[in-house]
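A quick write-up on the structure given underneath.
Here, each number is a calculation from the coordinates, and none is a lab measurement. Treat the numbers as computed from the prediction; the structure is a model and nothing was measured. A quick note on method: Cβ atoms are made from the backbone with ideal geometry, for glycine too, and the neighbour counts reach across all protein chains shown.
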Amino acid sequence: MKRIKSWLKLVIGMTVLAVTAGIVCTLLLLLLPFRGLRIRTCNVAAHLVGPFLLWMGGCRTPISGREHLDPRRPAIYVSNHASATDIFITIGLAPMGTAGVAKRELLRIPFLGWIYFLSGHLWIDRGRSERAVASLRSFADLVRKLRLSIYMFPEGTRSRDGRLQAFKKGIVHLAVQTGLPVVPVVIVGAHRSWEARTFTIHGVEIPVHVAPPMDTSHWSIERMDDALEELHAHFRQVLPADQQPAPPTTA
């Protein structure tokens, strides 16, 4: 019975995404010359679809620190990534005027990938580091010009067991190039809502903790490891034991 309910939720969710994609992609094509407006149009759709899909999945997301999601103050929002559910959480709470940074593989996801591509969000090819850094640099210029915020998962890929992984260097490059503060958004327990490599969805509570903005004026490319550790430590302080980084293996 649980599997049937999960499949039903997925069918309804994909139908909603398909209808939304048809409407939004049409609007985005009309707005093709205006990247900033396309990003904000996507934000509006995401604020409607994200919470609806979470509701469909039976997931509740109590948010603490919501006041730090301030659309009047550009920032770089970063979250840990342990489930596909994280995507719907983050698109629903990202302030208006927030552009995403995601890996190229996202574009392959039906409907969601199409909207993401046409909206003008940034996608990077993790297999080509030099090109990825160049893309981040160009994106930073756009962010400054249009006064946008940024949202990204600094782990680079989804955790398979819910445990926090190491952060990639892109977050530091963006913070240094834009001068924006970083706002940690810690998602707790999302890995229990959608089991990895399955279509089984569980209705669970997923608390979200939004921290005050972190000043990044002292971050530098030369001391990148220090900046990454500062940010990573904040997530470790909030996440429960079963989401702490995996202990190092011994030979």
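Magnitude of the Cβ-charge dipole of region 2-239, K/R +1 and D/E -1, about the Cα centre, nearest 20 debye? Please report the intermediate quantities before stating the final value.
Numbers: 30 positive and 17 negative charges, 146 e Å.
Around 700 debye, computed over region 2-239.
Which value, in nm² and rounded to one decimal, describes the direction-averaged projected area of the C-alpha convex hull of region 3-139?
Values: hull surface 37.0 nm².
In nm², the orientation-averaged hull projection of region 3-139 is 9.3.
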Most exposed first, judged by fewest Cβ atoms within 10 angstrom, PHE88, PHE235 run PHE235, PHE88
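How high is the FRET efficiency from VAL19 to GLU205, r the C-beta distance, R0 25 Å, rounded to 0.05?
The value I calculate is 0.30.
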Using label points projected 7 Å from each Cα along Cα→Cβ, tell me how many nm separate TRP7 and ASP70, to one decimal. 5.0
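Work the Kirkwood hydrodynamic radius out for region 2-239: mean of 1/r over every pair of different alpha-carbon atoms, inverted, in Å. Don't skip to the end; give the middle numbers.
On the way: mean 1/r = 0.0552 Å⁻¹.
Hydrodynamic radius (Kirkwood, Cα only) of region 2-239 equals 18.1 Å.
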Exposed-site-free run, longest, the chain (rule: GluC sites (Glu not before Pro); DSSP loop; at most 15 other C-beta within 10 Å): 1-194
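Which of the trypsin sites (Lys or Arg not before Pro) found in region 135-195 are in a DSSP loop and have at most 14 neighbouring Cβ atoms, other than their own, within 10 Å?
Working: sites: ARG137, ARG144, LYS145, ARG147, ARG158, ARG160, ARG163, LYS168, LYS169, ARG192; in loops: ARG147, ARG158, ARG160, ARG163, LYS168, LYS169.
Counting only loop positions with at most 14 other Cβ atoms within 10 Å, the trypsin sites (Lys or Arg not before Pro) in region 135-195 are ARG147, ARG160.
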P(r) histogram, all alpha-carbon pairs of region 157-240 included - 10 Å bins from 0, percent: 16, 42, 28, 13, 1
Along the positive direction of the dipole of the chain (beta-carbon charges: Lys, Arg +1; Asp, Glu -1; about the Cα centre), which of MET96, HIS234, ALA140 reaches farthest? MET96
Given backbone amide H placed at 1.01 Å from N, residues whose amide H is under 5 Å from that of GLU205, ignoring those fewer than 5 places away on the same chain, are ARG60
Relative contact order (%) - the chain, alpha-carbon pairs under 8 angstrom, separation at least six: 26
Between ASP242 and ARG137, what is the label-to-label distance in nm when each label sits 7 Å out along the Cα-to-Cβ direction? 4.5
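Of the listed pairs LYS5/LYS169; LYS145/LYS169; LYS145/LYS168; LYS9/LYS103, which have alpha-carbon separations greater than 32 Å here?
Working: LYS5/LYS169 40 Å; LYS145/LYS169 23 Å; LYS145/LYS168 25 Å; LYS9/LYS103 26 Å.
Correct reply: LYS5/LYS169.
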Summing +1 per Lys or Arg and -1 per Asp or Glu among the other residues with Cβ less than 10 Å from CYS59's Cβ gives +1
Taking H as built 1.01 Å from N, whose amide H comes closer than 5 Å to the amide H of ILE150, not counting residues under 5 places away? ALA75, ILE76, TYR77, ALA99
Between region 65-88 and region 139-193, the Cα center-to-center distance that results, in Å: 9
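Which FRET efficiency, nearest 0.05, do ALA84 and SER129 yield, Cβ-Cβ r, R0 30 Å? Walk me through the numbers before you get to the answer.
Values: r = 26 Å, r/R0 = 0.86.
Computed FRET efficiency for ALA84 and SER129 comes out at 0.70.
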